[in-house]
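Trainee: Right, I'll just put the structure down here and ask away after.
The values are calculated or read from the model by the stated rules, or taken from the named source; none is laboratory data. Computed from a predicted structure; not experimentally measured. A quick note on method: Cβ atoms are made from the backbone with ideal geometry, for glycine too, and the neighbour counts reach across all protein chains shown.
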Amino acid sequence: MTALHILTGTEDFRARPVVRRIGVRDLKDALARGIDDFMAMPSHAAFLCLIYPLIGLLLGWLTFGRELFSLLYPLVSGFALLGPFAAIVLYELSRQRERGLAVDLTSAFGVLDSPSLGAIAVLGLLLLTIFLIWLAVAQAIYVATFGDAPMPSITTFLERVFTTPEGWWLIVVGNAAGFLFALLVLSISVISFPLLLDRDVGAVEGVRTSLRAVRENPMTMAIWGLIVAVSLALGSLPFLVGLAVVMPVLGHSTWHLYRKVVEPGPGPRQDPPRPPKTQQRYAAQFPAALFAGEIRKPR
């Protein structure tokens, strides 16, 4: 029964999500709203403190530590395949702010209250599988081009890639394969994760709705995919530091894109009551804030 709920959800199949047609103006508005969310919420801190160091350590260990230089570019570019799942906390922050709730970094744990949590996990596992398949395909293309002998150094590797016919063939074929993987992930996830966070429709309907959104808006979604690809590329250039800004903005914007593409459901998701918050402390109050307690008046 649990597995069936994860796949199908509880919403009436006769009231499946309705997909709208949107245009470039809607993309601009979604981006503007995403930037506004980013400026209003400290989501960038989570990405700066967690995701960037983890990526750096992983890339360093897999490439330089084990001399797997051929996986450096597939790892960096392929990380975007996991972006829709990694951004689930950003969708949640935008959802709560949209409802007028007080939002801070702890609000991201509202994801755990989603009735579609199991479906979200299943789709996340699907994206991880696609990511691993992409790495295997990229490595197979590399081996077919240069063989399986390890490169002695990163300098030799880059020289052979950029100065030999085989290297340019690797660049063209590898990027073409990467484009197909990116197109697949965009099609199945551009709407599915925000939809599952908002409504209990199940993993199958989430993917189907995302595919319908791409089918009904092919040009607009292609432009959106280009915006995402260019933004991630620019954010990755200064040693991935730019991702601390680019990823939160894209994540928040994706939530607002979902709102424009899919008509609202029969009722908003109900959030559990929260305990009252104590008085907020700011960085400028340090270190006095460590000793200043909040004085409560007796009732």
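Trainee: Kindly evaluate F38 against the criterion of being assigned to a helix (DSSP H, G or I), at pLDDT 80 or above and touching a Pro at 6+ places or on another chain (Cβ under 8 Å).
Mentor: Values: assigned to a helix (DSSP H, G or I): yes; at pLDDT 80 or above: yes; touching a Pro at 6+ places or on another chain (Cβ under 8 Å): yes.
Yes: the conditions hold for F38.
Trainee: Working only within the stretch 144-165, note down all residues that are exposed (fewer than 13 other Cβ atoms within 10 Å of the Cβ), more than 16 Å from Y73 (Cα to Cα) and either at pLDDT 90 or above or in contact with a Cys (Cβ under 6 Å, 6 or more places away or on another chain) (or both).
Mentor: If the condition is that a residue be exposed (fewer than 13 other Cβ atoms within 10 Å of the Cβ), more than 16 Å from Y73 (Cα to Cα) and either at pLDDT 90 or above or in contact with a Cys (Cβ under 6 Å, 6 or more places away or on another chain) (or both), then T163, P165 are the ones that fit.
Trainee: Residues that are more than 27 Å from I55 (Cα to Cα) and of a type in the set (S, T, Y): list the helices (runs of 4 or more DSSP H) wholly contained in the stretch 162-275 that include at least 2 such residues. Walk me through how you get there before you give the answer.
Mentor: On the way: elements: 165-189, 192-198, 202-216, 218-236, 243-261.
Correct list: 202-216.
Trainee: Does T209 satisfy the criteria of being touching a strand residue (DSSP E or B) at 6+ places or on another chain (Cβ under 7 Å) and not small (G, A, S)? Break it down stepwise before answering.
Mentor: Details: touching a strand residue (DSSP E or B) at 6+ places or on another chain (Cβ under 7 Å): yes; not small (G, A, S): yes.
When the stated conditions are applied, T209 passes them.
Trainee: Taking the conditions exactly as written (surrounded by fewer than 20 Cβ atoms within 10 Å (Cβ to Cβ) and not β-branched (V, I, T)), does W169 satisfy them or not? Walk me through it before giving the result.
Mentor: Values: surrounded by fewer than 20 Cβ atoms within 10 Å (Cβ to Cβ): yes; not β-branched (V, I, T): yes.
Spelling it out, W169 is indeed surrounded by fewer than 20 Cβ atoms within 10 Å (Cβ to Cβ) and not β-branched (V, I, T).
Trainee: Here's another thing I want to ask about it. Among (1) assigned to a helix (DSSP H, G or I); (2) buried (at least 17 other Cβ atoms within 10 Å of the Cβ); (3) modelled with pLDDT under 80, where does Q96 come up short?
Mentor: (3)
Trainee: If you take the residues of the stretch 172-182 that are of a type outside the set (G, A, S) and without any contact (Cβ under 8 Å) to a residue 60 or more places away in the chain, which of them is surrounded by the most Cβ atoms within 10 Å (Cβ to Cβ)? I'd like the intermediate steps shown before the answer.
Mentor: Step one: list which residues in the stretch 172-182 are of a type outside the set (G, A, S), which gives 172-173, 175, 179-181.
Remaining after also requiring without any contact (Cβ under 8 Å) to a residue 60 or more places away in the chain: 172-173, 175, 179-180.
On the way: V172: 10, V173: 15, N175: 12, F179: 12, L180: 11.
In this case the residue turns out to be V173.
Trainee: Taking the residues in the stretch 219-236 that are hydroxyl-bearing (S, T, Y) and under 15 Å from the mean Cα position of the chain (by Cα) as candidates, determine which candidate is surrounded by the most Cβ atoms within 10 Å (Cβ to Cβ). Steps first, answer last, please.
Mentor: If we filter the stretch 219-236 for residues that are hydroxyl-bearing (S, T, Y), which is where we start, we get 220, 231, 236.
Next cut, under 15 Å from the mean Cα position of the chain (by Cα) only: 231, 236.
On the way: S231: 20, S236: 18.
It comes out as S231.
Trainee: Mind checking which pairs have a first residue in the stretch 143-167 that is within 10 Å of F69 (Cα to Cα) and a second that is surrounded by 12 or more Cβ atoms within 10 Å (Cβ to Cβ) and aliphatic (A, V, I, L, M), Cβ under 6 Å, 6 or more apart or different chains?
Mentor: F157/M151
Trainee: Taking A45 as the residue in question, decide whether it is surrounded by fewer than 16 Cβ atoms within 10 Å (Cβ to Cβ), part of a helix (DSSP H, G or I) and at pLDDT below 80. Quick ask: steps written out before the conclusion?
Mentor: Details: surrounded by fewer than 16 Cβ atoms within 10 Å (Cβ to Cβ): yes; part of a helix (DSSP H, G or I): yes; at pLDDT below 80: yes.
Yes.
Trainee: Keeping to the stretch 99-143, report how many residues are closer than 18 Å to F181 by Cα and surrounded by 15 or more Cβ atoms within 10 Å (Cβ to Cβ).
Mentor: The first filter runs over the stretch 99-143 and keeps only residues closer than 18 Å to F181 by Cα, leaving 123-142.
Now restrict to residues that are surrounded by 15 or more Cβ atoms within 10 Å (Cβ to Cβ): 123-124, 126-127, 130-131, 134-135, 137-139, 141-142.
So the count comes out to 13.
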